[in-house]
Amino acid sequence: MNSLATSKSVRILSMTTEKLTKSKLWNSYGEYTNKINKRNISNNYCQKHKPLVIFLPFLGASKSAISKYVDLYQNYGCRVIVHRPKITDFLWPVTGLKNSYEFLANIEKNLQQEEKVLVHSMSIGCYFYGLILMNINAHPQHFQTFVGNMRGQIIESPVVGSLKEMAIGLASSIYKEQIVRRNMLQMSCMLYFALTKPFTVKYYNEAIHSFHTKPLKVASIMYTTENDPMAIPAEFDKLVENWKRARIDVSDKVWTDSEHGSSFYTHPREYQEHIHKFLNRVLEINPKFPSKL
């Protein structure tokens, strides 16, 4: 690739990043997340004995989309803390490691000994969860309460495979309908990975390695969708097998007739039944299954 094409690709990626960072939706939810992390987290913990769900949504998730999952868990009597990963957490993993450490440290600081915790991560949120696992493995003494209180984890639509799948995942999250822009951003991402390999790819590989070999050994659900362009089926199967080999209680499901991260919308009743049974088992509560979706 010549220097002109290289410069153009990097400029596209930079402009896209700036667009997301400055968008009204991004700022509004970014501020909401910061308030949860730095100011309101202690207020959330005042409601004792309620299980805590930490929700890490997909990149670009709208407030209404996130609210659907928040409502789901709140209807079951859980408290929910949402952390919306930033694009910089992915593009510059050192920043992502720092942000995930600070987020987890805030959770650890305010977590009560008797509080049960469940993590639900989706798409790039699974990557952020991978960074959390890296921090736990690097500093186990810092997060003993969190690890001790963990009861379950839901891994939904993880981006598993090569850097190509990561690039597809990022581009598809930003430009779902604009095919030309999506393809341009995907190519720009691949170039970015090549140019920043010592500072990015190393961390991506470590996050993937932590996900495969050093997960928290609690009851787990793994979801993916059929023909998901962001997940290689063999790699998803390998991830499930690695967890089962580590003696983790994990159930997996490949949803049909559904797109990446959209199983709740395409199969709402069955999806809620899965969550209902899982919460009953791992949190030892018997939530009433909602009669209305």
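The values are calculated or read from the model by the stated rules, or taken from the named source; none is laboratory data. Worth saying up front: this structure is predicted, and the values here are computed from it rather than measured. FYI the Cβ positions are ideal-geometry reconstructions off the backbone, even for glycines, and counts take in every protein chain you see. Side chains are part of the model used for accessible areas, which takes the heavy atoms of the whole protein and leaves out ligands, DNA and RNA. Shrake-Rupley method; radii C 1.70, N 1.55, O 1.52, S 1.80 Å.
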Requested in this report: Working only within segment 81-95, note down all residues that are touching a residue at least 12 places away in the same chain (Cβ under 8 Å) and over 19 Å from residue 156 (Cβ atoms).
Outcome: 86, 87, 88, 91, 92, 93, 94
Requested in this report: Note down all Cβ pairs under 9 Å where the first residue falls in segment 193-220 and is more than 14 Å from residue 163 (Cα to Cα), the second is in a helix (DSSP H, G or I) and of a type in the set (Lys, Arg), and they're at least six residues apart or on different chains.
Outcome: 212/238; 219/281
Requested in this report: Specify the residue that is surrounded by the fewest Cβ atoms within 10 Å (Cβ to Cβ); the eligible residues are those in segment 171-194 that are at pLDDT below 70 and assigned to a helix (DSSP H, G or I).
Outcome: 174
Report summary line: Scanning segment 177-229 for residues that are among the small types (Gly, Ala, Ser) and over 28 Å from residue 264 (Cα atoms) gives 188, 194
Query raised in the report: Is segment 144-167 home to any residue that is in contact with a Ser or Thr (Cβ under 7 Å, 6 or more places away or on another chain), open to solvent by 10 Å² or more (accessible area, probe 1.4 Å) and closer than 23 Å to residue 61 by Cα?
Result: yes
Query raised in the report: Within the bounds of segment 245-255, is there any residue that is basic (Lys, Arg) and farther than 22 Å from residue 130 by Cβ?
Result: no
Report summary line: When segment 43-64 is checked residue by residue, the ones that are open to solvent by less than 20 Å² (accessible area, probe 1.4 Å), modelled with pLDDT under 90 and either of a type in the set (A, V, I, L, M, F, W, C) or under 15 Å from the mean Cα position of the chain (by Cα) (or both) are 59, 61
Query raised in the report: Out of all the residues in segment 126-184, which are basic (Lys, Arg) and more than 18 Å from the chain's Cα centre (by Cα)?
Result: 164, 176, 181, 182
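When you look at residue 87, is it touching a helix residue (DSSP H, G or I) at 6+ places or on another chain (Cβ under 8 Å) and under 12 Å from residue 127 (Cα atoms), yes or no?
Numbers: touching a helix residue (DSSP H, G or I) at 6+ places or on another chain (Cβ under 8 Å): yes; under 12 Å from residue 127 (Cα atoms): yes.
So residue 87 passes the test.
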Query raised in the report: When you go through 110, 106 one by one, which is the residue that is out of contact with any Leu (no Cβ under 8 Å at 6 or more places or on another chain), at pLDDT below 95 and not hydroxyl-bearing (Ser, Thr, Tyr)?
Result: 110
Query raised in the report: Do any residues in segment 140-154 that are over 23 Å from residue 284 (Cβ atoms) have Cβ atoms under 8 Å from those of residues that are modelled with pLDDT of 95 or more and open to solvent by 50 Å² or more (accessible area, probe 1.4 Å), where the two are at least six apart or on different chains, and which pairs are they?
Result: 140/147
Query raised in the report: With 110, 137, 99 as the choices, which residue is free of Cβ contacts under 8 Å to residues at least 40 places away in the same chain and open to solvent by 10 Å² or more (accessible area, probe 1.4 Å)?
Result: 99
Report summary line: Taking segment 200-251 and keeping only residues that are under 30 Å from residue 92 (Cβ atoms), open to solvent by 50 Å² or more (accessible area, probe 1.4 Å), at pLDDT below 85 and not in a helix (DSSP H, G or I), one is left with 229, 232
Query raised in the report: How about segment 96-110: which of its residues are within 16 Å of residue 129 (Cβ to Cβ) and touching a helix residue (DSSP H, G or I) at 6+ places or on another chain (Cβ under 8 Å)?
Result: 96, 97, 99, 100, 101, 102, 103, 104, 105, 106, 107, 108
